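Notes to accompany the following structure.
Computed from the coordinates by the stated procedures, all read-outs in this text should not be read as laboratory data. Worth saying up front: this structure is predicted, and the values here are computed from it rather than measured. A quick note on method: Cβ atoms are made from the backbone with ideal geometry, for glycine too, and the neighbour counts reach across all protein chains shown.
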Amino acid sequence: MNTRNWRGGLFVGLVVGVSVASLSVLNAQSSGTAAVAGGTRTGTIDVQRVLNESQQQKDLADELRQIRERLEGENTQRRQRLDAMQAALDAMNPEDPAYGGRQREFLQAQIDYKNWADVNDAALKREVGVWTAQLYKEMLRSTQAVAAQGGFELVFYRDEFVSPSMDPETVQAVIRDRKLIYAATTTDVTQTVLDKMNGDYRAKPRQPMMQMP
């Protein structure tokens, strides 16, 4: 058995990979508009800007950074402990009566390390997903309030047409997925929604949001 296989990127890659970028998965390039069409006042909103510039998202990003640093520090300590155990095992005579027990201890430590890494990877990913959804819900509530106050009956999410490739099926799929074809830039509700969202958030007591084991 190659006792060094435990070092094969069990943890750090995933923790580093799940970063603030995961909190901005709603990728849209949009601008707000308001118009009167058939008696219905409509607008559009730059979803990406609202989410990226919200104070809650910035605080979440700071929490995520601190959690990542803590986990990376603990990961380093666990790896160093395993290194020390392996070095001690390598220095032993396999015929030593204590060798078998030390080897079992080392294998158990490897298992414990992997379990710890897996649990924290899963927990971190879940928290990022939970708060991505929560931020979007907060934006929806703020948008609804702004729309009600401003007399908007519809507020659209507008994106630009960009196809990742010129494969005919891919282009057709992108076209089918687009719901809003055109919106004038008469009125932009983005800043108003962002101000509403930030104001509501800052009015609440500041508490940690992410729950990690």
Provide the per-residue ³J(HN,Hα) series for region 53-59, in order, calculated from phi with Karplus coefficients 6.51, -1.76, 1.60 and θ = phi - 60°, each as a whole number of Hz, with x at glycine and proline positions. 9, 5, 5, 5, 5, 5, 5
Ellipsoid semi-axes in whole angstrom, largest first, where each is sqrt(5λ) of the Cα gyration tensor of region 26-202: 54, 21, 11
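Cα convex hull of region 82-143: mean projected area in nm², to one decimal?
Details: hull surface 19.4 nm².
Projected over every direction and averaged, the Cα hull of region 82-143 covers 4.9 nm².
What does the convex hull of the Cα atoms come to per residue for region 108-192, in Å³? Provide the component values of the computation, followed by the final result.
On the way: hull volume 13.6 nm³, N = 85.
Cα convex hull per residue, to the nearest whole number: 159 Å³.
Give the order of D46, D159 when sorted by the count of other beta carbons within 10 angstrom, beginning with the fewest.
Numbers: D46 23, D159 19.
Placing the least packed residue first, the sequence is D159, D46.
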Under 5 Å, built H, 5+ apart or other chain: amide partners of F156: G43, T44, I45
Per-residue ³J(HN,Hα) for region 173-182, Karplus 6.51 cos²θ - 1.76 cosθ + 1.60, θ = phi - 60°, Hz, x for Gly and Pro: 5, 5, 4, 5, 6, 7, 9, 9, 8, 8
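What ranking of S163, S54, S142 emerges when the number of other C-beta atoms within 10 Å of each C-beta is taken as an exposure proxy, fewest first?
Ordered from fewest to most neighbouring Cβ atoms within 10 Å, S163, S54, S142 come out as S163, S54, S142.
Calculate, in nm to one decimal, what K204 and E105 gain on full extension: separation in residues at 0.36 nm each, minus their alpha carbon distance. Let's see the in-between values first.
Values: separation 99, 0.36 × 99 = 35.64 nm, distance 4.91 nm.
Full extension of this stretch gives 30.7 nm more.
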Across region 72-81, in residue order, what do the Karplus-derived ³J(HN,Hα) couplings come to in whole Hz, using 6.51 cos²θ - 1.76 cosθ + 1.60 with θ = phi - 60° and x for Gly and Pro? 5, x, 5, 4, 4, 4, 5, 5, 5, 5
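With a Förster radius of 35 Å, plug the Cβ-Cβ distance of I175 and E153 into 1/(1 + (r/R0)^6) and report the FRET value to the nearest 0.05. Could you put the intermediate results ahead of the total?
On the way: r = 26 Å, r/R0 = 0.76.
Efficiency for this residue pair is about 0.85.
Kirkwood hydrodynamic radius, computed over distinct alpha-carbon pairs, for region 165-213: how many Å, to one decimal?
Numbers: mean 1/r = 0.0643 Å⁻¹.
15.5 Å is the Kirkwood radius here.
Would you mind calculating the relative contact order of region 88-213 from Cα pairs under 8 angstrom and at least 6 residues apart, reporting the percent as a whole number?
Values: 47 pairs, mean separation 37.7, N = 126.
Contact order relative to length: 30 percent.
Using the count of nearby Cβ atoms within 10 Å as a rough guide to exposure, how do K58, K196, K204 rank from fewest to most?
Details: K58 14, K196 21, K204 8.
The order, fewest Cβ neighbours first, is K204, K58, K196.
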